[in-house]
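*Asks:* One structure, as structure tokens, below. Some questions next.
The values are calculated or read from the model by the stated rules, or taken from the named source; none is laboratory data. Treat the numbers as computed from the prediction; the structure is a model and nothing was measured. In this analysis, Cβ positions are derived from the backbone assuming ideal geometry, glycine residues included, and neighbour counts consider all displayed protein chains.
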Amino acid sequence: MNKSELINSLSEETNFSKKDIAKVLASFTRIIERSLKKGDKVSITGFGTYWLSRRPARVGINPATKERINLPAVNVPRFKPGKHLKEQLR
């Protein structure tokens, strides 16, 4: 499911306009991004938790040239599904 399909599904299920759903979805993602940038966790009870993890700097290999390259440390977003979501998918 892509973003437009999600907007269509939410619009059909809630009877809100697609335009309103798109605004809410955009706000939702901005709020999660802002919270993660601040270092906060975002927990949605029953659905899951988003958090930011730090991947340390490491040495990698360029697959085309087999040359060793230094990869910098990066922040990586993570997600852990909640109990309810796990149970629904079993």
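*Asks:* All but one of (1) part of a loop (DSSP other than H, G, I, E, B); (2) in contact with a Gly (Cβ under 9 Å, 6 or more places away or on another chain); (3) of a type outside the set (F, W, Y) hold for P63, so report the exception by its number.
*Replies:* Every condition holds for P63 apart from (2).
*Asks:* Being in a helix (DSSP H, G or I) and in contact with a Lys or Arg (Cβ under 6 Å, 6 or more places away or on another chain): is that true of S11 here? Spell out how you get there, then give the answer.
*Replies:* On the way: in a helix (DSSP H, G or I): yes; in contact with a Lys or Arg (Cβ under 6 Å, 6 or more places away or on another chain): yes.
Spelling it out, S11 is indeed in a helix (DSSP H, G or I) and in contact with a Lys or Arg (Cβ under 6 Å, 6 or more places away or on another chain).
Residues are listed down the side, and each one gets a yes or a no for (1) over 27 Å from L89 (Cβ atoms); (2) in contact with a strand residue (DSSP E or B) (Cβ under 8 Å, 6 or more places away or on another chain):
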{"position": "T14", "(1), (2)": "no, no"}
{"position": "K23", "(1), (2)": "yes, no"}
{"position": "A26", "(1), (2)": "no, no"}
{"position": "S35", "(1), (2)": "no, yes"}
{"position": "K41", "(1), (2)": "no, yes"}
{"position": "R54", "(1), (2)": "yes, yes"}
{"position": "G60", "(1), (2)": "yes, yes"}
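*Asks:* Cβ-Cβ under 7 Å, sequence separation 6+ or interchain: first residue in the stretch 51-65 and without any contact (Cβ under 8 Å) to a residue 60 or more places away in the chain, partner surrounded by 10 or more Cβ atoms within 10 Å (Cβ to Cβ) and among the charged types (D, E, K, R). Which pairs?
*Replies:* Taking only residues 6 or more apart or on different chains, the pairs are W51/K41; W51/R78; S53/R78.
*Asks:* Sort out which residues of the stretch 19-34 are hydroxyl-bearing (S, T, Y) and within 12 Å of the chain's Cα centre (by Cα), and write them in order of number.
*Replies:* Residues of the stretch 19-34 that are hydroxyl-bearing (S, T, Y), as a first pass: 27, 29.
Hit for the stretch 19-34 is T29, nothing else.
*Asks:* What's the total number of residues in the stretch 15-43 that are surrounded by fewer than 13 Cβ atoms within 10 Å (Cβ to Cβ), modelled with pLDDT of 95 or more and not in a helix (DSSP H, G or I)?
*Replies:* The qualifying residues number 2.
*Asks:* Pairs only if they're at least six apart or on different chains, beta carbon under 8 angstrom, first in the stretch 17-32 and free of Cβ contacts under 8 Å to residues at least 40 places away in the same chain, second of a type in the set (G, A, S); list them, first residue then second.
*Replies:* That search, which allows pairs on different chains as well, returns S17/S11; K18/S11; I21/S11.
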